[in-house]
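Report on one structure; see the data block that follows.
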Amino acid sequence: MKLMRKFILMMGAPGVGKGTYSRMLSKDLKVPELSSGEELRKLPLNEDTVNIKEQMNRGELVDNEFVINLIENRLSRNTYDGGAILDGFPRNLYQAKYFDEKSKLDLVIKINLDEEIIVRKLLGRRVCEDCGKGYNICNIKEGEYDMEPLLPRKVHNKCDDCDGALIERKDDNEETIRQRIVLYNRMTQPLEEFYKSKGRILIFEPKRGLKDYPNLINLVRKEFDI
Ligand code: AP5
Ligand code: MG
């Protein structure tokens with residue numbers, strides 16, 4: 001397979017699977033992922049970040065300048081010389097226009113999922129408190145949806161990779177989830193039109209959980225002719 005030097009944006013409402021599918025694509029395409037949410041969560045709590053952490057816990061977007069500086073700093077690292085799978089950035093028109101002036105996106109992957117399914121999935125999400133790996137205890141079998149839980153394979157409630165404890169994310173309570181979805185619809189969804197007018201956008205609608213992943217990787221390979 002040819003080595004990819006690309007910027008791909010994963011776009012979609014909270015809980016659609018941006019992080020989950022980014023990690024899988026990153027392995028297969030050999031392009032590192034960069035999640036703005038993960039980078040923000042990794043920042044230590046101190047007087048410079050206390051407001052940021054509070055905004056995140058309330059489900060609000062954090063300050064544009066702060067996120068832009070953070071992402072630019074990360075992208076300047078050698079790891080990203082060959083591009084990145086971006087998860088969660090750009091997330092509003094200001095960030096999209098800013099990024100567009102610096103680097104072009106080669107592909108936008110927009111993931112669509114029913115809102116009530118999203119809420120159930122986010123309430124069932126568990127993450128490893130040490131390495132951040134994601135799991136899910138919720139089992140959705142209804143209509144055309146068949147999404148199995150993603151449980152640890154080795155020990156109940158412990159991360160398969162590092163044995164860390166599985167916990168809930170602070171912004172995964174129903175009130176905050178609904179607030180994140182409202183903000184997504186207002187601030188981020190308009191980027192779909194912005195990117196459609198610029199070039200390549202691929203729409204992906206998973207209904208069968210991870211079993212849909214082969215469709216996604218095939219679509220991406222076709223886009224890049226690899
Ligand atoms: P962020 O971390 O980006 O959160 P989000 O957009 O709300 O998205 P999530 O991480 O909740 O969902 P996801 O789509 O990654 O889904 P996942 O793969 O986990 O941002 C957090 C906060 O940071 C924001 O609210 C904001 O404050 C701030 N922020 C970040 N970027 C910013 C920016 N650019 N500007 C300003 N502020 C910013 O999947 C969800 C669950 O479903 C998981 O449990 C997973 O295991 C499960 N699952 C996923 N896919 C499947 C599947 N196929 N089958 C079964 N289960 C599945
Ligand atoms: Mg995520």
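Of note:
- First in region 201-212 and closer than 18 Å to ILE8 by Cα, second anywhere and surrounded by fewer than 19 Cβ atoms within 10 Å (Cβ to Cβ) and polar (S, T, N, Q), Cβ under 9 Å, 6 or more apart: ILE203/ASN112; PHE204/ASN112; PHE204/ASN215; GLU205/ASN112
- The combined condition, being under 27 Å from ASP106 (Cα atoms) and either in contact with a Phe, Trp or Tyr (Cβ under 7 Å, 6 or more places away or on another chain) or at pLDDT below 95 (or both), is not fulfilled by PHE204.
- Selected residue (criterion: modelled with the lowest pLDDT) from residues of region 88-103 that are among the basic types (Lys, Arg) and over 16 Å from ARG180 (Cβ atoms): LYS102
- Elements of type strands (runs of 3 or more DSSP E) in region 130-226, at least 2 residues being surrounded by 15 or more Cβ atoms within 10 Å (Cβ to Cβ): 134-136, 145-147, 201-204
- Subset of region 38-83 (residues that are under 22 Å from THR176 (Cβ atoms) and of a type in the set (Phe, Trp, Tyr)): PHE66
- Just so you know, in region 130-139 the residues that are closer than 19 Å to TYR21 by Cβ and touching a residue at least 24 places away in the same chain (Cβ under 8 Å) include one that is farthest from the chain's Cα centre (by Cα), and it is CYS131.
- Applying the criterion of at least 3 residues that are of a type outside the set (Asp, Glu) and surrounded by fewer than 17 Cβ atoms within 10 Å (Cβ to Cβ) to the helices (runs of 4 or more DSSP H) found wholly in region 31-87 leaves 50-58, 64-75.
- Residue list for region 145-203, filter: within 9 Å of ligand 1 (Cβ to nearest atom), out of contact with any Lys or Arg (no Cβ under 8 Å at 6 or more places or on another chain) and farther than 15 Å from LEU61 by Cα: GLU148, PRO149, LEU150
Residue-wise test of (1) more than 13 Å from ligand 2 (Cβ to nearest atom); (2) of a type in the set (S, T, N, Q).
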residue: VAL16; (1), (2): no, no
residue: GLY19; (1), (2): no, no
residue: SER22; (1), (2): no, yes
residue: GLU38; (1), (2): no, no
residue: GLN55; (1), (2): yes, yes
residue: ILE68; (1), (2): yes, no
residue: ILE71; (1), (2): yes, no
residue: ARG74; (1), (2): yes, no
residue: TYR80; (1), (2): yes, no
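- The numbered conditions (1) surrounded by 18 or more Cβ atoms within 10 Å (Cβ to Cβ); (2) assigned to a loop (DSSP other than H, G, I, E, B) are all true for LYS104 except (1).
- Pairs where the first residue, in region 158-184, is free of Cβ contacts under 8 Å to residues at least 40 places away in the same chain and the second is of a type in the set (Lys, Arg) and surrounded by fewer than 15 Cβ atoms within 10 Å (Cβ to Cβ), C-beta under 6 Å, 6+ apart: ASP160/ARG153; ASP160/LYS154
- Looking only at region 135-144, and only at residues there that are within 8 Å of ligand 1 (Cβ to nearest atom) and out of contact with any Gly (no Cβ under 7 Å at 6 or more places or on another chain), the one that is farthest from GLU168 (Cα to Cα): ILE140
The values are calculated or read from the model by the stated rules, or taken from the named source; none is laboratory data. Everything numeric here is computed off the predicted structure, so don't read it as measured data. No Cβ is skipped: glycine too gets one built from the backbone with ideal geometry, and neighbour counts run over all protein chains shown.
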